[in-house]
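Note sheet for the following structure.
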Amino acid sequence: METTALNPTQMHLLKLFAFNNSEEYAREIQEVLTRHFQSRLDAEADRLWDEGILNQEKLDEIRKMDLHAK
């Protein structure tokens, strides 16, 4: 069996979950991470929009795409 090393982020998250293993705590951590990554996504989308890389026409094209197709 092949072993996989955990990266520093994974190790840190494991330590966080070892502190309190309740479902409520897990949901709270998930919400914090979701808000963090949503904020980063919003900032990147704003940057792309401001630089003219992203616009309404391109958003309309993306909306029609099947992003799950392989």
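The values are calculated or read from the model by the stated rules, or taken from the named source; none is laboratory data. Small disclaimer: the values here were computed from a predicted structure and weren't measured. Neighbour counts run over all protein chains shown; Cβ positions are idealised from the backbone, glycine included. Please note that ligands, DNA and RNA were not included when accessible areas were found on the heavy atoms of the full protein model with its side chains. Shrake-Rupley method; radii C 1.70, N 1.55, O 1.52, S 1.80 Å.
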Open item on the list: Not counting ligands, DNA or RNA, and with a 1.4 Å probe, what is ILE29's accessible surface area in Å² rounded to the nearest 10?
Closed with: 30 Å²
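Could you size up the charge dipole of the chain around its Cα centre, putting +1 on the beta carbon of Lys and Arg and -1 on that of Asp and Glu, and report it in debye to the nearest 20? Can you show the working numbers first?
Numbers: 9 positive and 14 negative charges, 43 e Å.
That gives the chain a dipole magnitude of about 200 debye.
Loop only per DSSP, at most 16 neighbouring Cβ atoms within 10 Å: give me the GluC sites (Glu not before Pro) in the range 1-56, ordered by residue number. Show your work: numbers first, answer last.
On the way: sites: GLU2, GLU23, GLU24, GLU28, GLU31, GLU44, GLU51; in loops: GLU2, GLU51.
In loop regions of the range 1-56 (DSSP not H, G, I, E or B), the sparsely surrounded GluC sites (Glu not before Pro) are GLU2, GLU51.
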TODO: Report the percentage of all Cα-Cα pairs in the chain whose separation exceeds 14 Å, rounded to a whole percent.
DONE: 76 percent
- [ ] Keeping the other protein chains in place, figure out the carbon and sulfur percent of the accessible area of the chain, with a 1.4 Å probe.
- [x] 56 percent
Task: Positive-end extreme of charge dipole, the chain - chosen from GLY52, ASN21, LEU67 (charges on Cβ) - done: ASN21
Open item on the list: Given the whole protein assembly as supplied and a 1.4 Å probe, what does the accessible area of ASP42 come to in Å², nearest 10?
Closed with: 80 Å²
Task: Accessible surface, per residue, of the chain when the full set of protein chains is kept, probe 1.4 Å, Å² - done: 98 Å²
